[in-house]
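The values are calculated or read from the model by the stated rules, or taken from the named source; none is laboratory data. What you see is a predicted model; the values in this text were computed from it and never measured. Note: ideal-geometry Cβ built from the backbone for every residue, glycine included; neighbour counts use all protein chains shown. For accessibility, only protein heavy atoms count, side chains too; no ligands or nucleic acids. Shrake-Rupley method; radii C 1.70, N 1.55, O 1.52, S 1.80 Å.
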Amino acid sequence: MFLEGADRWGEAGRAGKASWTSLTAQIIRHLRPAPMLAECAALLQAKLHKNNIRHVLQLRIENDWQSYSRDVLPTFAGQNEDYCPTFLDIVRKAKTTWGADFKKAYVLSDETCLPVPKETIREHTFKELGVELFWKSDFLPQETFKSNLVSSMLDFEIAVHAPFFAGNSRSTFAGFISFEKFCLTGQMPKHHYIYNIPGQGLGLRHDNGPMMVPEQATDRLYGHEPLIPVHRGDLQWPLSLTAHIASLGDFTSETQMLPGIPSGDLAFDTSGYGGRWVEGFQISSAGLTLPFEYRARDVDGHQTSWTPHDHFCGTRGLSHSLTGFAVRLTGPALLTTDCFYAGRFEGQRDALTAENGAWCSAGYGQKLVGMHILFRPKGLN
């Protein structure tokens, strides 16, 4: 059961926003805390609001985490990964990223297993960094959370509804905070960060929670973020865009849809990492007959012929990058529908756009590293 659940969670992470209509996301979306726990969480949220505490910070520094970091994490985590920083290091990273607005934080941690008393942590943090730290025991009676499970669930509810959150991506607790927020809203979480990435500041999450490797959690690729603005009236055909990406392999973005509930975009952006570019792509239509085709141009200037959907266009495994692509509608759909698309190209700051069969290209030799395709009724602004 646990392994099966982990697999489904991982699939949701790779699919991004398109996973919102999946059974996994919908089950999580409909989970609700027990009434008594919900009342305690609402009371605690009100106290945080009154004290203008908008940032939630996971301090995964407990004794059990330190032993796990010493004995287990080194066997599979990256050598430069900062998975066991001190409390001062965590808060310092948060202050570097959040700036002057970061003066107070609600802390997620097991108070009974801290390596030093919370008062010591609070005193040193304020003295060194000028940031005030608060725990739930500062606002609620001790008997409210005698159970470790209740205590954890209270922290979880506070973090899910917080405007800003930072945690350790190696912690499933932190990852599930982002995933539940995604399940509740249908949108990729915003202002969610991780602190176990190398560097002086926090790393902004682009995934919806399941990615535990810091480089993946902060990789724009897993956000499937649109390169051009989308419109609620865009046609939500059930499509998938599979790109073959150098040094990575096939990567798929898709739209999935329950009746009347669209989710997902045919979009990905693999920029920011050297050696990743698109070598070929395919748009599949789930067996439906849809009126469009596409073509590509490679680094040598060779142009493919127009390729019907459900067929691959380009190469695989030859390190032969694409430098342009085009998509067009065919048949009667030309009279009613526009096709818009954008490409991200190596060395270009902004994505470039094209429509209705025109080449999307930055010029000879500029490698394609991101794509976005959408279909829209004519006249829709």
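Identify all residues within the stretch 199-209 that are assigned to a loop (DSSP other than H, G, I, E, B) and either at pLDDT 95 or above or among the polar types (S, T, N, Q) (or both); write none if there are none.
Going residue by residue through the stretch 199-209, those that are assigned to a loop (DSSP other than H, G, I, E, B) are 199-202, 205-209.
Selection gives Gln200, Gly201, Leu202, Arg205, His206, Asp207, Asn208, Gly209.
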Complete set of residues in the stretch 155-171 that are surrounded by fewer than 24 Cβ atoms within 10 Å (Cβ to Cβ), in contact with a Phe, Trp or Tyr (Cβ under 8 Å, 6 or more places away or on another chain) and assigned to a helix (DSSP H, G or I): Phe156, Ile158
Enumeration of residues in the stretch 119-146 that are open to solvent by 40 Å² or more (accessible area, probe 1.4 Å), charged (D, E, K, R), assigned to a helix (DSSP H, G or I) and closer than 17 Å to Leu44 by Cβ: Asp138, Glu143
Residue ID - surrounded by the most Cβ atoms within 10 Å (Cβ to Cβ), chosen from residues in the stretch 255-279 that are among the hydrophobic types (A, V, I, L, M, F, W, C) and over 18 Å from Ala296 (Cα atoms): Met257
Filter result (closer than 17 Å to Phe182 by Cα and open to solvent by less than 20 Å² (accessible area, probe 1.4 Å)) within the stretch 196-218: Arg205, Asp207, Asn208, Gly209, Pro210, Met211, Ala217
Per-region count, the stretch 231-245, residues within 20 Å of Pro377 (Cβ to Cβ) and touching a Ser or Thr at 6+ places or on another chain (Cβ under 8 Å): 5
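Got at least one residue in the stretch 159-181 being on the phi > 0 side of the Ramachandran plot and touching a residue at least 40 places away in the same chain (Cβ under 8 Å)? Don't jump to the end; show me each part of the working.
First, pick out the residues of the stretch 159-181 that are on the phi > 0 side of the Ramachandran plot: none.
There is no residue in the stretch 159-181 that is on the phi > 0 side of the Ramachandran plot and touching a residue at least 40 places away in the same chain (Cβ under 8 Å).
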Matching residues in the stretch 353-381 - criterion: being of a type in the set (S, T, N, Q), open to solvent by less than 60 Å² (accessible area, probe 1.4 Å) and part of a strand (DSSP E or B): Ser361
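Table: residues versus (1) among the small types (Gly, Ala, Ser); (2) at pLDDT 95 or above; (3) closer than 22 Å to Leu329 by Cβ; (4) outside any strand (DSSP E or B).
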residue	(1), (2), (3), (4)
Pro262	no, no, yes, no
Ser271	yes, no, no, yes
Arg276	no, no, no, yes
Phe281	no, yes, yes, no
Gly287	yes, no, yes, yes
Where a residue in the stretch 353-381 is at positive phi and its partner, wherever it lies, is among the charged types (D, E, K, R), with Cβ under 7 Å and at least six apart: Asn356/Arg328; Asn356/Asp338; Gly357/Arg328
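Please indicate, with yes or no, whether at least one residue in the stretch 251-259 is of a type in the set (Phe, Trp, Tyr), at pLDDT 90 or above and assigned to a strand (DSSP E or B).
If we filter the stretch 251-259 for residues that are of a type in the set (Phe, Trp, Tyr), which is where we start, we get 251.
From what's left, at pLDDT 90 or above: 251.
With assigned to a strand (DSSP E or B) added as a condition, the list becomes 251.
Scanning the stretch 251-259, I find at least one residue that is of a type in the set (Phe, Trp, Tyr), at pLDDT 90 or above and assigned to a strand (DSSP E or B), so the answer is yes.
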Evaluation of Gly317 against (1) open to solvent by 40 Å² or more (accessible area, probe 1.4 Å); (2) without any contact (Cβ under 8 Å) to a residue 24 or more places away in the chain; (3) out of contact with any Pro (no Cβ under 9 Å at 6 or more places or on another chain) (one fails), failing number: (2)
Count of residues meeting criterion [over 30 Å from the mean Cα position of the chain (by Cα) and either open to solvent by less than 40 Å² (accessible area, probe 1.4 Å) or free of Cβ contacts under 8 Å to residues at least 24 places away in the same chain (or both)] in the stretch 336-352: 1
